[in-house]
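First up is the structure itself, then whatever we jot down about it.
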Amino acid sequence: MGIRSWRWVLEGDWTSLELHREVKSQDGTWHDTRRYYRADLDKHFRVGTTHFYYDGPNGCVLLGFLQLSWSGDNCKKCYGE
C-alpha cells in the first residue's frame with residue numbers, strides 16, 4: 001500500500017475520547033494504523049498500570065475512574081528485546 005499522507009482523527013462519546021492515526025493510500029481511501037491514545041471513564045475504581053498485547057503492544061494507566069491507554073511499537077516486554 002503506497003501511503004500518500006496521514007492524519008490524526010479525534011473521536012469520542014460521553015464516556016471516552018480517542019485520538020487515532022490514519023493513512024491515505026494511493027486510491028484515496030483512509031486506513032486505521034492501530035496507533036491511538038485514549039481516555040475512558042469506567043464504573044470501577046482502580047489505580048495502577050497494566051500492559052497487554054491485543055493488536056500490538058498496548059499500555060494503560062488506571063487513575064481511579066479514569067483510564068488512559070495507548071498503543072505503541074518496539075515494546076521490550078512484548079518483543080523480548
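The values are calculated or read from the model by the stated rules, or taken from the named source; none is laboratory data. Given the structure is predicted, the values throughout are model-derived calculations rather than measurements. Cβ atoms come from the backbone with ideal geometry, glycine included; neighbour counts cover every protein chain shown. To get the accessible areas, we keep the full protein, side chains included, count just its heavy atoms, and leave off ligands, DNA and RNA. Shrake-Rupley method; radii C 1.70, N 1.55, O 1.52, S 1.80 Å.
Overview of results
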read-out	value
Residue-by-residue Karplus 3J(HN,Hα) for region 17-29, coefficients 6.51, -1.76, 1.60, Hz, glycine and proline x	9, 9, 10, 10, 9, 10, 10, 9, 8, 5, 7, x, 8
Exposure rank, largest accessible area first [E11, E22; 1.4 Å]	E11, E22
Amide H within-cut-off set for R46, under 5 Å, with H built and near neighbours excluded	G64, F65
Linear extension gain, W30 paired with T49, 0.36 nm per residue minus alpha-carbon span	3.6 nm
Accessible-area value, Y37, 1.4 Å probe, nucleic acids and ligands omitted, Å²	110
Whether region 7-71 is rounded, prolate or oblate, judged on the alpha carbon gyration tensor where a/c under 1.5 counts as rounded	oblate
Relative packing of peptides 43-49, 66-72, 54-60 - highest average C-beta neighbours within 10 Å first	66-72, 54-60, 43-49
